[in-house]
Amino acid sequence: MIYQRSSSLFAEAKKYIPGGVNSPVRAFKAVGGDPIFVKEAKGAYLYDEDGNRLIDYIASWGPLILGHAHAPVINAVIEKAKKGTSFGMPTEIETELARLAVSMVPNIDKIRFVNSGTEACMSAVRLARGYTGKDKIVKFAGCYHGHADSFLIQAGSGAVTFGSPNSPGVTQGTAKDTLLADYNDLEGVRTLLASNRDQIAAVIIEPIAGNMGCIVPTDDFIKGLRALCTDENILLIFDEVMTGFRLGRGGAQEALGIDADIVTFGKVIGGGLPVGAFAAKDDIMAHLAPEGPVYQAGTLSGNPLAMSAGLAMLTELNEHPEIFKSLENKTVYLHQGFENVLRTKGVPYQINRFGSMISLHFTDGPVTDFKSSAKGNNEIFRTYFHAMLDQGIYLPPSAFESYFLNDALSYADLDETIAALDQVAF
């Protein structure tokens with residue numbers, strides 16, 4: 001495929017935008033080459049500025065569960081935009097979406113809308129600290145909770161630089177209040193809690209990790225984590241920016257059978273528009289301003305366009321829960337097809353999958369945490385990524401990202417993707 005216009009646009013963008021992109025993973029640094037500039041999208045397909053059609057496996061990094069430009073979502077945004085785009089005042093549709101979300105997700109009574117997943121996670125941690133009166137948090141190596149200072153301590157995905165903290169500009173004072181544990185290592189968490197007794201406000205985790213590839217927690221680990229937090233009076237925060245409303249009506253809490261104390265959500269709750277949210281039981285949310293002393297605010301929070309898109313998306317998912325099974329079946333089909341091809345290729349590989357999240361790792365051993373994910377062969381991944389792209393398959397441009405299937409993908413699309421893998425010369 002030819003990407004001449006994309007390359008030209010990237011060169012122009014670099015004159016005015018740092019690195020030519022507004023989010024680092026888009027720059028193709030992990031895979032080399034110039035990023036693809038999208039012109040439009042519909043259903044399962046992206047159409048780039050050079051006229052190429054690409055089968056999409058990122059779905060705007062998760063939220064476009066029903067595919068791009070889904071008619072009910074688009075129509076809802078158009079009709080709402082005709083009445084104004086922002087007011088900075090309460091609107092009825094905020095309550096409508098809140099009521100629906102609370103009805104779908106277990107173990108929450110109230111929800112606060114914000115403008116991004118980063119803001120949701122940042123606010124959830126502030127609320128946990130205000131509620132418990134404690135300062136420290138525990139996060140897991142390779143889990144990404146946005147780019148707030150507290151979270152850039154061995155974060156996954158585009159933040160992987162193997163530093164501690166990951167980014168200049170994050171102070172050591174901030175870093176000291178973030179304790180780092182290994183995913184799927186319950187004993188390591190137990191040791192951390194014991195050595196910081198009565199100092200830890202919250203443990204925050206991606207219940208199904210998506211920023212070091214798709215990593216699934218063992219049953220003993222996730223249940224043990226819940227029990228430890230309960231025993232130590234620590235709040236358990238599920239970062240469901242990726243998993244919320246994707247793994248089922250109730251997200252990862254429902255899929256794993258685990259109740260978190262605070263849950264965060266991302267763009268899916270706004271139908272793919274810039275939005276986020278955090279939610280909990282009444283006694284925790286009562287600490288949030290204006291009812292309580294923990295301050296959080298946002299002029300664009302509850303933006304009517306995002307609320308209308310989210311209401312349309314969640315209504316469809318709520319009324320048609322068979323969508324989740326359809327997505328899972330398609331992901332299983334892709335997994336099996338990839339397995340059949342890769343067995344003949346002579347390269348080391350592992351495939352991780354949960355629901356409609358899946359990742360391919362070019363490594364010999366099981367991938368269960370950040371360390372094992374980082375053992376993947378990046379050169380093989382680059383070859384794979386570009387070979388698939390040349391055949392019209394758009395995958396995450398990083399080995400540290402989950403793929404996100406959307407339900408607009410047909411089995412013919414999946415067969416085309418599997419056939420493309422068969423043509424890759426490793």
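The values are calculated or read from the model by the stated rules, or taken from the named source; none is laboratory data. Computed from a predicted structure; not experimentally measured. Cβ atoms come from the backbone with ideal geometry, glycine included; neighbour counts cover every protein chain shown. Keep in mind that these areas ignore ligands, DNA and RNA; they rest on the heavy atoms of the full protein, side chains included. Shrake-Rupley method; radii C 1.70, N 1.55, O 1.52, S 1.80 Å.
Of the residues making up the range 196-217, those that are among the charged types (D, E, K, R) and surrounded by fewer than 24 Cβ atoms within 10 Å (Cβ to Cβ) are 197, 198.
Listed residues 245, 238; which is assigned to a loop (DSSP other than H, G, I, E, B), among the aromatic types (Phe, Trp, Tyr) and either closer than 20 Å to residue 103 by Cβ or modelled with pLDDT of 95 or more (or both)?
Values: 238 fails: assigned to a loop (DSSP other than H, G, I, E, B).
Only one candidate passes the filter, namely 245.
Does residue 405 fit the bill of being out of contact with any Pro (no Cβ under 6 Å at 6 or more places or on another chain), open to solvent by less than 10 Å² (accessible area, probe 1.4 Å), under 21 Å from residue 207 (Cβ atoms) and in contact (Cβ under 8 Å) with a residue 40 or more places away in the chain? For residue 405, the condition - out of contact with any Pro (no Cβ under 6 Å at 6 or more places or on another chain), open to solvent by less than 10 Å² (accessible area, probe 1.4 Å), under 21 Å from residue 207 (Cβ atoms) and in contact (Cβ under 8 Å) with a residue 40 or more places away in the chain - is met.
Give the residues of the range 126-163 that are at pLDDT 55 or above, open to solvent by 30 Å² or more (accessible area, probe 1.4 Å) and over 24 Å from residue 297 (Cα atoms), sorted by residue number. Within the range 126-163, just 154 meets the criteria. Residues in the range 22-60 that are within 24 Å of residue 241 (Cβ to Cβ), in contact with a strand residue (DSSP E or B) (Cβ under 6 Å, 6 or more places away or on another chain) and either open to solvent by 70 Å² or more (accessible area, probe 1.4 Å) or among the charged types (D, E, K, R) (or both): 38, 56. Among residues of the range 312-327 that are touching a residue at least 60 places away in the same chain (Cβ under 8 Å), those with a Cβ under 8 angstrom from a residue that is among the acidic types (Asp, Glu) and open to solvent by 20 Å² or more (accessible area, probe 1.4 Å), sequence gap 6+ or separate chain, pair up as 323/316; 323/407; 326/407; 327/407. Pairs are defined by a Cβ separation below 8 Å, a sequence spacing of at least 6 or placement on different chains, a first member in the range 229-258 that is closer than 18 Å to residue 117 by Cα and in contact (Cβ under 8 Å) with a residue 24 or more places away in the chain, and a second member that is open to solvent by 30 Å² or more (accessible area, probe 1.4 Å) and part of a strand (DSSP E or B); the pairs so defined are 247/354.
Just to be sure, is residue 19 surrounded by fewer than 19 Cβ atoms within 10 Å (Cβ to Cβ) and either hydroxyl-bearing (Ser, Thr, Tyr) or assigned to a helix (DSSP H, G or I) (or both)? Before you say what the answer is, go through the steps one by one.
Numbers: surrounded by fewer than 19 Cβ atoms within 10 Å (Cβ to Cβ): yes; either hydroxyl-bearing (Ser, Thr, Tyr) or assigned to a helix (DSSP H, G or I) (or both): yes.
Yes, satisfied.
When restricted to residues that are part of a helix (DSSP H, G or I) and among the aliphatic types (A, V, I, L, M), the range 343-383 contains 1.
If you filter the range 61-90 down to residues that are part of a loop (DSSP other than H, G, I, E, B) and in contact with a Leu (Cβ under 9 Å, 6 or more places away or on another chain), you find that the one that is most open to solvent (accessible area, probe 1.4 Å) is 85. Only one of 306, 279 is over 20 Å from residue 211 (Cβ atoms), assigned to a strand (DSSP E or B) and open to solvent by less than 20 Å² (accessible area, probe 1.4 Å); which? Criteria check complete, one pass: 279. What's the number of the only condition in (1) assigned to a loop (DSSP other than H, G, I, E, B); (2) more than 23 Å from the chain's Cα centre (by Cα) that residue 421 fails to meet? For residue 421, the exception is condition (1). Restricting the first member to the range 180-199 and to residues that are more than 20 Å from residue 128 (Cα to Cα), and the second to residues that are in a strand (DSSP E or B) and not aliphatic (A, V, I, L, M), the beta-carbon pairs closer than 9 Å and six or more apart or on different chains are 182/140; 183/140; 184/140; 185/140. Just one of the listed residues (291, 339, 316, 328) is assigned to a loop (DSSP other than H, G, I, E, B), at negative phi and surrounded by fewer than 23 Cβ atoms within 10 Å (Cβ to Cβ), and it is 291.
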